[in-house]
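Trainee: Questions regarding the structure given below will be posed in turn.
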Amino acid sequence: MKNRIFTAGLVGYILLSSLLVYYFPQSVLAFLAFEASLLLIYYAPVSRAVKLSLAAATLVVVLPLIGTINGYYLEIAIQVGIFVALALGLNIVVGFAGLLNLGYVAFYAIGAYLWAIFGSSQANEFISGGYFPLSQAWFFVFLLLSIAAGALTGALLGLPVLRLRGDYLAIVTLGFAEVVRALVNNLDKPINLTNGPRGITPIERPPLFFQPLLEGLGVAVDPAALYPLYFYFIVLLLLLAIILVTRRLEDSPVGRAWKAIRGDEIAAVAMGIPVVRMKLLAFAVGASFASAVGVLFAAKQVFINPESFTFMESIGVLAMVILGGMGSIPGAILGATAVTILNLQLLKGLSLWLNALRQSGLVLTLPLIGSLDLSRIPSQFEPAKYERMIFGLILILMMIFRPRGILPPQKRERRFDPSTSLRTGKLTTGGDRGEN
Amino acid sequence: MALSLDIFLQVLMDGIVLGFMYALIALGYTMVYGVLEFINFAHSEIFVLGAFVGVEILLALESSGTLAALNPAFVVLMIILAGMIVSGLAAVALERTAYRPLRGAPRLVPLISAIGASFFLQDFIRLVESVWHNSFYLSYPTLSLLDRSVRLGAMVEVPFKSILVIATALAMLAGLYLFVNKTRLGTAIRAVAQDPDAAALMGIPVNRIISLTFFVGGAMGGVAGVLFGLHYSLVNPYTGFVPGLKAFTAAVLGGIGNIPGAVLGGLVLGLMEAFAASYLGILTDGAFGAEYKDVFAFVILILILIFRPKGLLGEKVREEGV
Amino acid sequence: MALLEVQGLTKKFGGLVALQSVDLAIEDGMIAALIGPNGAGKTTFFNTLTGHYRPDRGEIRFKNRSLRGVTPDRITHAGICRTFQNIRLFGEMSVLENVLVGMHARIGVGLADIIGRSRRFYARENQAAKRAMELLALVGLEGREEEWASSLAYGDQRRLEVARALASKPELLLLDEPTAGMNPSEAEGMMALIEKLIGVHVRSVLLIEHNMRVVMGISHRVSVLDYGEKIAEGTPDEVRRDARVIEAYLGLGKQADHA
């Protein structure tokens, strides 16, 4: 009964907030209210099945509908999805295994450049024959390739550095990312591999393989309108895959080994855990996620340059993981969503609002303070540019006041019941229980 | 371009100037690491703060028209002192707010907080300058005194700027050496670095000594900031990241926690970088040029950390118990 | 042939000689004890035996195989597992998960099994959980498997450490002060448990202990370390009467029997 009331309440909220977005397509607040519905679904005391179906309905049906009304929201959803995927990957490294990787963006860059170089005419610069850009179908091949490339570079970097103490490891990964960025920036000569700071464009997008099908159904296909939706669903699928793999790793000997290493490396090794190999695996898995997301990013942006892969991006993703709660999958999702929306919508909104105030030329007369000439708000003061301050504040405040994050990892509870579990071949996993 | 002697000497000079700059910044990393075993990632912003204090004072003097009337040596001395004090105090405040509450937490916790502080300070400086000057890219007004130079022999022309950097750095290093080794407070710093618990038992006020360490390290960073501004002229809130990382490299290169090591590491790195910047192009026939000098420094950092994390002067690393 | 044979084991820290040419042999089926005043080098001996420290000199042979230069995780695989004096459980994991970590190497599922959730994965994981539950029952922690390890009482944490070490199926179990901080009845329980393990769960036990009632009560052979040197060895009775042992303990003003 309680379940039904809450379900009805949730459905009502989702419909109401979507209507708000429909009637006020320019309102950031309406969209935030809609986004909050996912959080409500997560927290509502309803059964797992209800949660999953409501979340699926919201993500698969309602959000794309809203996106067709206002494409900007779809763009935001895609960017949020990309950062959620990155945060989930970094969460494996930092959250599960306790390795502070400050150069995570390097793997993202490797994936992005992998597709950018071969999915554009760039590769013609060093491979003759004019085979490039590769056809769009190769996008999916490169998505798979990038997983291998990411894992390989992650392991190659990890091999020499994973024996280092935590803080040194952090600095080495940071140095590695700076080297990668400098290489990307400078390898336009002697051989033009990356086209340097000018970046690479145009990059091929994934093929619209379902176009004939849609046309057969009598739907007029407009690629410009279709691609955002298409990318949205690719991101969603990629996210699903990442969440599935992450969850399965977490609930396995590997996940337990990671947590043990994070908790007490000496005890872990004394229990027979091959620490370096497990750390390497965490590094490689995290790197392969980032690399795959990079391919997607390159295809979506059509243009990439080294500016997208700075230290700030690494720290931004770290801030997302820490805000949500290290080692927590829901935490990483929440953290990435919150930070991305804060940056994309709230700070930009504030910038626009300040601009409007400035141009209004109003002079406010405030009691005690005196008069304030709004046109004299300094033009260099743009809230949208203060991402670092946001990231910095998140990191400091979380470390001091809530180091375990907003949604810290829950205890994995596994009720052992040989009579049922062995026969059904399923693990009997109870519901999550609160910490402590 | 040939490998001529005058170019060689010029590069040598640049390397030494750069090296002393790195050495001064590296002191802040190494002193704090010696006492707390913690990488003060925000030290690069303490350094930048010094540079901004210098430029703010010079700009204020310039706009009030007094800059020309004052003795330039006095002006330089004044901004160096101001940079020292402000950076030192900022480092103390930073420790109080962002690090002290995390004392005793796992090693990575204060490091993450320090990274946060670094980012926060970058944008905080930007915010203040944007509101104040409506610009956060500032350049040092020219001081005619510093644009002069002296000739050493027939080959080398040494700008006053370089002499200023080297002389100031040497004075600072000598002062620091005397302070750490010959005064009671310096002894207390060394005692805390060796064993904080034992130091506390001996009645040393450990918290105050840690604050003092941050002040001294921050002050050295502040001097470096002012010198950086006077030498290279342009500063912005994000200037600190790369020199900071390189100075940290220098500290590790010399043996982190080791004060003479930081100086040695700074000089070695500065010279290597200067020579790499000038000669990489020649050696590789133009394929790789000066743009790789940063890569060069970071590769050294990675290699040192992997193969000789104790650094050149191999300082003790507290053994981790089982 | 002895299960474990240590010859001339020497370990120095800078100028300090923590272990000076220590010999020790542990026979099959034996409960051996290592005693000595604080700082005598007992825990250093454990740390060197399990590969956490690299010995400066000497030879360690386990089942007639040299353990020199073998990493700690491989030594655990070879069949030696330990507990820690200053309890090192994984506090942010449940009691059951702690034991499962001890089984890490023995579960035998690959990445493909884990990500594909193969039949084998479920079978092995359930098997592991079942054995973990048995071990928890053995040490008297049945019904506690879902609690956080850090929330257990001190004595329970010590018992959990034993269960976690047993999970790796060791042949030689090293216990570092297994009854430290326990009340007399808990200590009795631990003694009974240790005796129960021999021949069933492990072949031999080597324990470091300060509680002389435990040492004298269950060990077959006692070795005494003082300043890194083995000063005596024999049956509990022989050691109790050894003049050097009495001196070592009394010389430090320590009560030999502070149980």
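The values are calculated or read from the model by the stated rules, or taken from the named source; none is laboratory data. Fair warning: this is a prediction, and the values are worked out from it, not measured in the lab. Cβ sites come from the backbone with ideal geometry, for glycine too, and all protein chains shown count toward neighbours. Heavy atoms of the whole protein, side chains included, go into the accessibility calculation; ligands, DNA and RNA do not. Shrake-Rupley method; radii C 1.70, N 1.55, O 1.52, S 1.80 Å.
Trainee: Go through (1) β-branched (Val, Ile, Thr); (2) closer than 18 Å to A:Ala85 by Cα; (3) open to solvent by less than 20 Å² (accessible area, probe 1.4 Å) one by one and return the number of the condition A:Ile333 breaks.
Mentor: All conditions are met except number (3).
Trainee: Taking A:Gly272, is it in contact with an Asp or Glu (Cβ under 7 Å, 6 or more places away or on another chain), within 20 Å of A:Phe96 (Cβ to Cβ), open to solvent by 10 Å² or more (accessible area, probe 1.4 Å) and facing chain C (nearest Cβ under 10 Å)? So that I can check it myself, show each step before the final result.
Mentor: Values: in contact with an Asp or Glu (Cβ under 7 Å, 6 or more places away or on another chain): yes; within 20 Å of A:Phe96 (Cβ to Cβ): yes; open to solvent by 10 Å² or more (accessible area, probe 1.4 Å): no; facing chain C (nearest Cβ under 10 Å): yes.
So A:Gly272 fails the test.
Trainee: In region C:165-182, which residues are facing chain A (nearest Cβ under 10 Å) and assigned to a helix (DSSP H, G or I)?
Mentor: Correct list: C:Ala165, C:Ala167.
Trainee: Answer yes or no: is there a residue in region B:86-103 that is under 30 Å from B:Gly175 (Cβ atoms), part of a loop (DSSP other than H, G, I, E, B) and modelled with pLDDT under 95.
Mentor: There is at least one residue in region B:86-103 that is under 30 Å from B:Gly175 (Cβ atoms), part of a loop (DSSP other than H, G, I, E, B) and modelled with pLDDT under 95.
Trainee: Here's something else I'd like to know. What number goes with the only condition from (1) more than 18 Å from the chain's Cα centre (by Cα); (2) closer than 20 Å to B:Glu129 by Cβ; (3) in a helix (DSSP H, G or I) that B:Val48 does not pass?
Mentor: All conditions pass for B:Val48, except number (1).
Trainee: Mind listing just one residue for me: the one in region A:158-176 that is open to solvent by less than 10 Å² (accessible area, probe 1.4 Å) and more than 7 Å from chain B (Cβ to nearest Cβ) and, of those, modelled with the lowest pLDDT? Outline the logic, then answer.
Mentor: Step one: list which residues in region A:158-176 are open to solvent by less than 10 Å² (accessible area, probe 1.4 Å), which gives A:158, A:161-162, A:167, A:169-175.
With the extra rule that they be more than 7 Å from chain B (Cβ to nearest Cβ), the set shrinks to A:158, A:162, A:169, A:173-174.
Values: A:Gly158: 90, A:Leu162: 87, A:Leu169: 92, A:Thr173: 94, A:Leu174: 94.
Result: A:Leu162.
Trainee: Quick test for you: out of C:Gly69, C:Gly58, pick the one residue that is within 18 Å of A:Gly272 (Cβ to Cβ) and small (Gly, Ala, Ser). Even if it seems obvious, please write down each step before you answer.
Mentor: Working: C:Gly58 fails: within 18 Å of A:Gly272 (Cβ to Cβ).
Matching residue, one of C:Gly69, C:Gly58: C:Gly69.
Trainee: For C:Ala192, state whether it is within 22 Å of the chain's Cα centre (by Cα), at pLDDT below 90 and small (Gly, Ala, Ser).
Mentor: Values: within 22 Å of the chain's Cα centre (by Cα): yes; at pLDDT below 90: no; small (Gly, Ala, Ser): yes.
When the stated conditions are applied, C:Ala192 does not pass them.
Trainee: Pairs, please: C-beta under 6 Å, at least 6 apart or cross-chain, first residue farther than 18 Å from C:Lys63 by Cβ and assigned by TED's automatic domain parsing to the domain that holds C:Gly51 and in region C:10-36, second hydroxyl-bearing (Ser, Thr, Tyr) and in a loop (DSSP other than H, G, I, E, B)?
Mentor: C:Lys11/C:Tyr53; C:Ile31/C:Ser219; C:Ala33/C:Ser219
Trainee: Let me ask something else about it. Please verify whether A:Tyr232 is outside the structural domain of A:Val61 (by TED's automatic domain parsing), in a helix (DSSP H, G or I) and buried (at least 20 other Cβ atoms within 10 Å of the Cβ), treating the condition exactly as stated.
Mentor: Against the criterion (outside the structural domain of A:Val61 (by TED's automatic domain parsing), in a helix (DSSP H, G or I) and buried (at least 20 other Cβ atoms within 10 Å of the Cβ)), A:Tyr232 qualifies.
Trainee: Where residues in region B:270-311 are among the basic types (Lys, Arg) and without any contact (Cβ under 8 Å) to a residue 40 or more places away in the chain, which of them is surrounded by the most Cβ atoms within 10 Å (Cβ to Cβ)?
Mentor: Here the answer is B:Lys293.
Trainee: Across region B:36-52, which residue is farthest from B:Leu227 (Cα to Cα) among those that are among the aliphatic types (A, V, I, L, M) and surrounded by 24 or more Cβ atoms within 10 Å (Cβ to Cβ)?
Mentor: Only one residue fits best here, namely B:Ala42.
Trainee: Listed residues A:Ile234, A:Ile242; which is closer than 20 Å to A:Ala77 by Cα and within 14 Å of chain C (Cβ to nearest Cβ)?
Mentor: That would be A:Ile242, the only listed residue that is closer than 20 Å to A:Ala77 by Cα and within 14 Å of chain C (Cβ to nearest Cβ).
Trainee: Also, I was wondering about something else. Just wondering, is there one or more residues in region A:26-42 that are closer than 17 Å to A:Gln345 by Cα, of a type in the set (Phe, Trp, Tyr) and either outside the structural domain of A:Leu344 (by TED's automatic domain parsing) or not in a helix (DSSP H, G or I) (or both)?
Mentor: Within region A:26-42, one or more residues are closer than 17 Å to A:Gln345 by Cα, of a type in the set (Phe, Trp, Tyr) and either outside the structural domain of A:Leu344 (by TED's automatic domain parsing) or not in a helix (DSSP H, G or I) (or both).
Trainee: So, one more: Taking region C:149-164, which residues are at the interface with another protein chain (Cβ under 9 Å from one of its Cβ atoms) and open to solvent by 30 Å² or more (accessible area, probe 1.4 Å)?
Mentor: Within region C:149-164, C:Ser151 is the sole residue that qualifies.
Trainee: Kindly indicate whether B:Gly257 is crowded, with 23+ Cβ neighbours inside 10 Å and either modelled with pLDDT under 90 or more than 30 Å from B:Phe179 (Cβ to Cβ) (or both).
Mentor: On the way: crowded, with 23+ Cβ neighbours inside 10 Å: yes; either modelled with pLDDT under 90 or more than 30 Å from B:Phe179 (Cβ to Cβ) (or both): yes.
The answer is yes for B:Gly257.
Trainee: Moving on. Which is more than 7 Å from chain A (Cβ to nearest Cβ), touching an Asp or Glu at 6+ places or on another chain (Cβ under 9 Å) and either outside any helix (DSSP H, G or I) or at pLDDT below 95 (or both), of C:Gln127, C:Gln85? Give the steps one after another, and end with the answer.
Mentor: Values: C:Gln127 fails: touching an Asp or Glu at 6+ places or on another chain (Cβ under 9 Å).
The unique qualifying residue is C:Gln85.
Trainee: Just for region C:135-148: of the residues that are within 13 Å of chain A (Cβ to nearest Cβ), buried (at least 20 other Cβ atoms within 10 Å of the Cβ) and more than 19 Å from C:Ile80 (Cβ to Cβ), which one is modelled with the lowest pLDDT? Full working, then the answer.
Mentor: Let us first name the residues in region C:135-148 that are within 13 Å of chain A (Cβ to nearest Cβ), namely C:135-137, C:142-148.
Going one step further and asking which of them are buried (at least 20 other Cβ atoms within 10 Å of the Cβ), we end up with C:135-136, C:145.
From the residues that got through so far, the ones that are more than 19 Å from C:Ile80 (Cβ to Cβ) too are C:136, C:145.
Values: C:Leu136: 97, C:Glu145: 92.
If we take residues in region C:135-148 being within 13 Å of chain A (Cβ to nearest Cβ), buried (at least 20 other Cβ atoms within 10 Å of the Cβ) and more than 19 Å from C:Ile80 (Cβ to Cβ), then C:Glu145 is modelled with the lowest pLDDT.
Trainee: If you scan region B:121-136, which residues turn out to be within 19 Å of the chain's Cα centre (by Cα) and within 7 Å of chain A (Cβ to nearest Cβ)? If you could, list the steps in order and put the result at the bottom.
Mentor: Taking region B:121-136 and keeping what is within 19 Å of the chain's Cα centre (by Cα), we get B:121-122, B:125.
Correct list: B:Gln122 only.
Trainee: Would you mention how many residues in region C:177-192 are more than 10 Å from C:Gly155 (Cα to Cα) and in contact (Cβ under 8 Å) with a residue 12 or more places away in the chain?
Mentor: Keep residues of region C:177-192 that are more than 10 Å from C:Gly155 (Cα to Cα), which gives C:177, C:184-185, C:188-189, C:191-192.
If we keep only those that are in contact (Cβ under 8 Å) with a residue 12 or more places away in the chain too, we end up with C:177, C:184, C:189, C:191.
Number satisfying all stated conditions: 4.
Trainee: Within region A:318-326, can one find any residue that is over 15 Å from the mean Cα position of the chain (by Cα) and either buried (at least 24 other Cβ atoms within 10 Å of the Cβ) or assigned to a helix (DSSP H, G or I) (or both)? Spell out how you get there, then give the answer.
Mentor: Of region A:318-326, the ones over 15 Å from the mean Cα position of the chain (by Cα) are none.
No, region A:318-326 contains no residue that is over 15 Å from the mean Cα position of the chain (by Cα) and either buried (at least 24 other Cβ atoms within 10 Å of the Cβ) or assigned to a helix (DSSP H, G or I) (or both).
Trainee: Does A:Ala155 qualify as being small (Gly, Ala, Ser), at pLDDT 90 or above and either open to solvent by less than 20 Å² (accessible area, probe 1.4 Å) or not assigned by TED's automatic domain parsing to the domain that holds A:Leu296 (or both)?
Mentor: no
Trainee: For region C:90-112, give me each residue that is at the interface with chain A (Cβ under 7 Å from one of its Cβ atoms), outside any loop (DSSP other than H, G, I, E, B) and under 19 Å from the mean Cα position of the chain (by Cα).
Mentor: Matches in region C:90-112: C:Leu100, C:Val101, C:Gly102, C:His104, C:Ala105.
Trainee: May I pose another question? Restricting attention to region C:87-123, and to residues there that are farther than 15 Å from C:Arg164 by Cβ and either basic (Lys, Arg) or outside the structural domain of C:Glu147 (by TED's automatic domain parsing) (or both), which single residue is surrounded by the fewest Cβ atoms within 10 Å (Cβ to Cβ)?
Mentor: Filtering region C:87-123 for residues that are farther than 15 Å from C:Arg164 by Cβ and either basic (Lys, Arg) or outside the structural domain of C:Glu147 (by TED's automatic domain parsing) (or both), the one surrounded by the fewest Cβ atoms within 10 Å (Cβ to Cβ) comes out as C:Arg119.
Trainee: Are any residues in region A:118-152 touching a helix residue (DSSP H, G or I) at 6+ places or on another chain (Cβ under 8 Å) and open to solvent by less than 20 Å² (accessible area, probe 1.4 Å), and if so, which ones?
Mentor: A:Gly119, A:Gln122, A:Ala123, A:Phe139, A:Phe142, A:Ser146, A:Gly150
Trainee: If you check C:Ala132 against the conditions, is it at pLDDT below 95 and more than 7 Å from chain A (Cβ to nearest Cβ)?
Mentor: The answer is no for C:Ala132.
Trainee: Quick one: count up the residues across region C:191-217 that are within 12 Å of C:Leu138 (Cβ to Cβ) and assigned to a helix (DSSP H, G or I).
Mentor: Here the count works out to 5.
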